[in-house]
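Here's the structure, in structure tokens; my notes come after.
The values are calculated or read from the model by the stated rules, or taken from the named source; none is laboratory data. This structure is a prediction, so every number in the text was calculated from the model and none was measured. Cβ atoms come from the backbone with ideal geometry, glycine included; neighbour counts cover every protein chain shown.
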Amino acid sequence: MVKIYGIKNCDTMKKAFKWLDGKHISYQFHNYKTDGLSPQLLQSLLDLIDWQQLLNTKGTTWRKLDEATRNTVNDQTSAKHIMLQNPSIIKRPILVTDDKALAGFSDENYQQFFAS
């Protein structure tokens, strides 16, 4: 089963949904806003994706943090703390199968993900 994690109204999420639907790939969607983000779920994602790839430092949520807070994020523990407080700071979408995961969306990366 394919799971996709993110926030429903995100433009990148919409592209990923369209791609998956176009390829007739069934998936289960987990919305951080409505379904929540537990420490256990976040850790399971961190077990598959490095925290530096998971943390979206180019998005609005990151830029809205004060500089002192941003400067404290320097390892997985501090990144996990920020992500639990601000789920919107997690790169979207996160695509997960039984044994692998992919952060972000691009047509090429999705094709490779499902080819392997």
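Can you run down the residue pairs with Cβ atoms below 9 Å, 6 or more apart or on separate chains, where the first is in the range 17-42 and modelled with pLDDT under 95 and the partner is surrounded by fewer than 17 Cβ atoms within 10 Å (Cβ to Cβ) and of a type in the set (D, E, K, R)?
Here the result reads Lys33/Lys8; Thr34/Lys8, each pair linking the range 17-42 to a residue that is surrounded by fewer than 17 Cβ atoms within 10 Å (Cβ to Cβ) and of a type in the set (D, E, K, R).
Please enumerate the residues belonging to the range 70-98 that are touching a residue at least 12 places away in the same chain (Cβ under 8 Å) and of a type in the set (Val, Ile, Thr).
If the condition is that a residue be touching a residue at least 12 places away in the same chain (Cβ under 8 Å) and of a type in the set (Val, Ile, Thr), then Val73, Ile82, Ile89, Ile90, Ile94, Val96, Thr97 are the ones that fit.
Test Lys80 against the criterion of being charged (D, E, K, R), surrounded by 11 or more Cβ atoms within 10 Å (Cβ to Cβ), at pLDDT 95 or above and part of a helix (DSSP H, G or I), and give yes or no. Spell out the reasoning first.
Details: charged (D, E, K, R): yes; surrounded by 11 or more Cβ atoms within 10 Å (Cβ to Cβ): yes; at pLDDT 95 or above: yes; part of a helix (DSSP H, G or I): yes.
Yes; evaluated as a whole, the condition is true for this residue.
To keep it simple, each residue is scored yes or no on (1) over 14 Å from Phe105 (Cβ atoms); (2) not hydrophobic (A, V, I, L, M, F, W, C).
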| site | (1), (2) |
| --- | --- |
| Thr12 | no, yes |
| Phe17 | no, no |
| Ser26 | yes, yes |
| Trp51 | yes, no |
| Thr60 | yes, yes |
| Asn71 | yes, yes |
| Ser78 | yes, yes |
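If a residue has to be at pLDDT below 95 and either in contact with a Pro (Cβ under 7 Å, 6 or more places away or on another chain) or assigned to a helix (DSSP H, G or I) (or both) to count, how many in the range 49-62 make the cut?
2
So is Thr12 in contact with a Lys or Arg (Cβ under 7 Å, 6 or more places away or on another chain) and β-branched (Val, Ile, Thr) or not? Spell out the reasoning first.
Details: in contact with a Lys or Arg (Cβ under 7 Å, 6 or more places away or on another chain): yes; β-branched (Val, Ile, Thr): yes.
In short, yes.
Among the listed residues Leu95, Leu37, which satisfies the condition of being closer than 19 Å to Asn9 by Cα, in a strand (DSSP E or B) and under 12 Å from the mean Cα position of the chain (by Cα)?
Leu95
Does the range 100-110 contain at least one residue that is at pLDDT 95 or above, part of a loop (DSSP other than H, G, I, E, B) and either more than 16 Å from Asp11 (Cα to Cα) or of a type in the set (D, E, K, R) (or both)?
No: the range 100-110 contains no residue that is at pLDDT 95 or above, part of a loop (DSSP other than H, G, I, E, B) and either more than 16 Å from Asp11 (Cα to Cα) or of a type in the set (D, E, K, R) (or both).
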